[in-house]
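Shown next, in structure tokens, is the structure this report addresses.
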Amino acid sequence: MRVIIFCYLYLFAILGSGEDDGISDDAINELKSELTQEEIDQLLGNSTSNVETASIGLFARLLRMMYEIKEKWLDVPLDHFDLFDNRTWRMRYLTRGSFFKPGGPLFVEVGGEWTIDGSSLVMGGLAELAEEHNGFLVETEHRYYGKSLPFGKDFSTEKLRFLQMEQALEDLAYFIEHFKSATPGLGNSTVIIRGCSYPGMLVTWMRVRFPHIVDISYASSAPLGVGLDYPEYFEVVNDVYANVSTNCIETVRRGFNQTMNLLKTDDGRLKVREAFKDWTCGDIDEMNSMAILGKIIVVLNVMHDPSQYEEVACLTMAIDEDELQSFQLLANFIVLKSKHIASCMSGDTDPEEKRNHIAWSYQTCTEMGTFLTLNRKNSRHPFEMDLTVEESLEECGKDFKGLVTENILREGIARVTRRYGGRKPKVTRVVTIQGTHDPWKHLAHLEDYGPEAPVWVVDGSHCSEINAQSEDDSEQVIAVREKVKRLISKWIKEIS
């Protein structure tokens, strides 16, 4: 969403005011020629449709044009572990070489369970490091995500069997070797890779598996400790609101439970639908009770909240506290947050997003686990309902035609832990950042892995420090960005 806002404001200035901010007239004319009149109207606000309805692909294309980002493809082995299988697939990647001087480092942003867009090559610490060190920037797309599809649009269970973390690590090693050898001036360059969340796991493990290929890794919010279930996820939600005040978390708890009880009667369901009708989580009239409660939990999730947002949340829920029930106070907050912070719309209406969702479900069901569970007897979370591992495993079986079982998942989890060392791998030159408000933090080791593998915990949420600086950032997030850059620069100089 921040990428869209950034592009919107930047392009509004270019297309509306005529000021080019250093971009040549030829580039502006080329940019305008790439757009339809409807797209220009959307960007300038002259269209009846909202800018958010403009294609994500449009903004990705404009980013590439404005910052000389090129889209490229590499043929990569489908199965790195079968020498007799010579099939390949086309891996998509984006490059930005505007800072590069021969011999400069190679900086790789590792993509995960999404479609890459190039924003990390433009904004944030990786681009700043590349500019400082005359580096070459690349963003890689993960197999089976975005446009990097080994079997095209065929996502049958049989075709998904090559979607494994070990294959993804081999993809990265293969890519780095081939890209360096094919790019003049990169042959002996230092390699720095960065990843957020699941890619944070991958970049950490690249230093375990391929320390001769990757010199430095930067992992943001990497949940290395895979397991069958993860009840602690929702406990973080409880802790964040409870740290503001007892009244706040009690409003959340009572409001959720009142909503759940109202959904048990016809009159109550009408009341709930009226209270939540203006949210952005879909048509509430088309949702059953479990879907409604699920969306409320999604919005209450604090994973991507800005710093101190919980204080705003609690203040919002305290307004008219004497006159309104907790249910209505919570509903007012959910509607507000759904419009401004939380992304609770399902992406399954978009074919590409639907494929991304299927691929991530497969990885979760075969190697990742960490199903989010709830137990109404657990006082450490505010949701008085049950969500069991068995329910999630049943969904896995249905989604993948019964081929994915609990035994398959347990073996997949054991294999990942055995190969990479669990929450505390033995690595060097890996810097890891974790956030105090990150619901995934309990899957991470929150102390240093070793003398050359610091783990810094900051007042922030999931991957909060990798974005470009914002007024919402905590002082710790701002400080750790500079700290990371200094450490990586130090390591680069030591290697060189």
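Points worth noting:
- Screening Glu390, Glu352 for residues that are open to solvent by 20 Å² or more (accessible area, probe 1.4 Å), of a type outside the set (Val, Ile, Thr), under 24 Å from the mean Cα position of the chain (by Cα) and farther than 30 Å from Ser474 by Cβ leaves exactly one candidate, Glu352.
Okay, residues lined up against (1) open to solvent by less than 30 Å² (accessible area, probe 1.4 Å); (2) in a loop (DSSP other than H, G, I, E, B); (3) outside the structural domain of Glu384 (by the TED database):
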| site | (1), (2), (3) |
| --- | --- |
| Asp278 | no, yes, no |
| Cys281 | yes, yes, no |
| Val302 | yes, yes, no |
| Pro306 | yes, yes, no |
| Glu311 | no, no, no |
| Thr316 | no, no, no |
| Lys339 | no, no, no |
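- Those residues of segment 454-477 which are within 22 Å of Gly111 (Cα to Cα) and among the acidic types (Asp, Glu), in sequence order: Glu465
Residue by residue, here is whether (1) aliphatic (A, V, I, L, M); (2) within 30 Å of Ile192 (Cβ to Cβ) holds:
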site: Ala222; (1), (2): yes, yes
site: Phe234; (1), (2): no, no
site: Asp239; (1), (2): no, no
site: Asn243; (1), (2): no, no
site: Lys277; (1), (2): no, no
site: Leu293; (1), (2): yes, no
site: Met303; (1), (2): yes, yes
site: Glu310; (1), (2): no, no
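- Checking each residue in segment 451-479 for being of a type outside the set (Asp, Glu) and free of Cβ contacts under 8 Å to residues at least 40 places away in the same chain picks out Pro451, Ala453, Pro454, Val455, Trp456, Val457, Val458, Gln469, Gln476, Ile478, Ala479.
- Residue that is modelled with the highest pLDDT [pool: residues in segment 271-291 that are hydrophobic (A, V, I, L, M, F, W, C) and over 16 Å from Leu330 (Cβ atoms)]: Met287
- Any hit, segment 224-239, residues being open to solvent by less than 40 Å² (accessible area, probe 1.4 Å), over 27 Å from Gln363 (Cβ atoms) and in contact (Cβ under 8 Å) with a residue 40 or more places away in the chain: yes
- Top-ranked residue of segment 208-223 - restricted to ones that are open to solvent by 10 Å² or more (accessible area, probe 1.4 Å) and of a type in the set (Val, Ile, Thr), ranked as nearest to Ser464 (Cα to Cα): Val208
- Within segment 86-104, the set of residues being among the charged types (D, E, K, R) and open to solvent by less than 30 Å² (accessible area, probe 1.4 Å) comprises Arg92, Arg96.
- Residues of segment 151-207 that are open to solvent by 10 Å² or more (accessible area, probe 1.4 Å) and of a type in the set (Gly, Ala, Ser): Gly152, Ser156, Ser181, Ala182, Gly185, Gly187, Ser197.
- Just one residue in the set Ile478, Ile492, Ile466 is surrounded by 19 or more Cβ atoms within 10 Å (Cβ to Cβ) and assigned to a helix (DSSP H, G or I); that residue is Ile492.
- For Arg423, the criteria (1) open to solvent by 40 Å² or more (accessible area, probe 1.4 Å); (2) touching a His at 6+ places or on another chain (Cβ under 7 Å); (3) part of a helix (DSSP H, G or I) hold in every case but one, which is (3).
- Residue list for segment 249-299, filter: within 25 Å of His437 (Cα to Cα) and more than 28 Å from the chain's Cα centre (by Cα): Glu250, Thr251, Arg254, Gly255, Asn257
- Residue satisfying condition, being of a type outside the set (Lys, Arg) and in contact with a Ser or Thr (Cβ under 9 Å, 6 or more places away or on another chain), within set Ser489, Ser461: Ser461
- Condition broken by Phe327, with the remaining ones in (1) among the aromatic types (Phe, Trp, Tyr); (2) within 22 Å of Pro439 (Cα to Cα); (3) buried (at least 20 other Cβ atoms within 10 Å of the Cβ) satisfied: (2)
- Residues of segment 417-427 include none that is at pLDDT 95 or above, more than 23 Å from Glu170 (Cβ to Cβ) and not charged (D, E, K, R).
- Residue within segment 439-448 that is part of a helix (DSSP H, G or I), under 20 Å from Ser217 (Cβ atoms) and not assigned by the TED database to the domain that holds His340 present: yes
- Single unsatisfied condition, Lys264 versus (1) assigned to a helix (DSSP H, G or I); (2) surrounded by fewer than 21 Cβ atoms within 10 Å (Cβ to Cβ): (1)
The values are calculated or read from the model by the stated rules, or taken from the named source; none is laboratory data. None of these values were measured; they are calculated from a predicted model. Reconstructed Cβ throughout: ideal geometry from the backbone, glycine too, with neighbour counts over all protein chains shown. Side chains included, ligands, DNA and RNA excluded: accessible areas come from the protein's heavy atoms. Shrake-Rupley method; radii C 1.70, N 1.55, O 1.52, S 1.80 Å.
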